[in-house]
Amino acid sequence: MRKELSELSEAIFPSNIYCCICGALIDRSRPYSLCDSCVRKMHWITGRSCRKCGKALPDTFTGDICYDCMEMEHSFERGWSCLTYGMYERQLMMGIKYNGKGYLALKMGDVLFDRMAALIEDAKARNMLPFDIVLPVPVSSERLRKRGYNQSELMAKQFVKRLLDFAGRENTPKLETNLLVRRKSTEMLRSLNPAERRLALKGAFGVKSGTEQKLRGKNALLIDDIFTTGATADACSRTLLEAGCTGVYLLTLCSGGNRKPDDTE
């Protein structure tokens, strides 16, 4: 019934009319509500990437771990990312987070699934997906009221929906949107350096009381919109590990570049 309602809603209020970046008229065959021109301009991570956090690595880079992961030990096992955060990616995220375009988060859930398609297909062939549960990074109640939705939760829901269609119910990790909670609101992290971010996030996340048994012995896939220093991902991962998760993996839509420690721009 839900699928039929979704299809009816899309038929009446189609989301693929205008490109979500430049506003050009598009048809429903265009992926992710992007015109062909903007698809080419986006910084897709299709080549080498950091084996720890998933940031893109240039072909000339000699190692397989980005500079940030060399300097900082992360609490998650490994991560994957879809896009390097640039001008067009910023425009997309500003629309989702501050201009009420929550429907685009569902399109970005498709991006997440497509990024993981090869891994998922391999796992399906072995009848064993590497994650038991999928959790979005929670936002504060204040931001949830103001925005009306959690963009990471919308992406996670679409990711699991695509996974369910592909792998079937028995092989699909359960989406858990209420286990990981935000205990306190923090100031905008983009203005803080890495040390300040980690301090600001101390005690920011927790596990809903009485739900610890749902996490014990589970491998969790954590979904978020943007990965920069990893402070948020690490704070969530530590919370989940302390609650009994065996391992935490990370999937993000966008990530920062592979900047040297002395880069100032």
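We did not get these values from a lab; they are worked out from the coordinates using the rules stated. Given the structure is predicted, the values throughout are model-derived calculations rather than measurements. Because the Cβ atoms are built from the backbone with ideal geometry, glycine has one as well, and the counts that use them run over all protein chains shown.
If you bin all the Cα-Cα distances of the chain at 5 Å, starting from zero, the percentages per bin are 1, 6, 12, 17, 19, 18, 14, 8, 4, 1, 0.
Backbone geometry of segment 71-79 corresponds, through the Karplus equation with coefficients 6.51, -1.76 and 1.60 at θ = phi - 60°, to 3J(HN,Hα) couplings of 8, 10, 7, 8, 8, 8, 5, 6, x Hz, x marking Gly and Pro. Comparing F166, F205, F113 in a Gaussian network model of the chain, where Cα atoms under 10 Å apart are tied by springs, the biggest mean-square fluctuation is seen for F166.
Net charge near V134, counting Lys/Arg +1 and Asp/Glu -1 over other residues with Cβ under 13 Å of its Cβ? Counting the neighbours of V134, the net charge comes to +2. Structure note, pairs K107/K218; K55/K260; K157/K184: Cα-Cα distances above 18 angstrom occur for K107/K218; K157/K184. With a cut-off of 13 Å on the backbone N, the residues of segment 113-132 near the modelled label site 7 Å out from K174 along Cα-Cβ are 132. If you take all other residues with their beta carbon under 9 Å from the beta carbon of L250, and give Lys and Arg +1 and Asp and Glu -1, the sum is -1.
Its DSSP H runs of at least 4 residues, each contributing -39,500 (n - 2.57), put the calculated 222 nm mean residue ellipticity of the chain at -11500 deg cm²/dmol, to the nearest 500.
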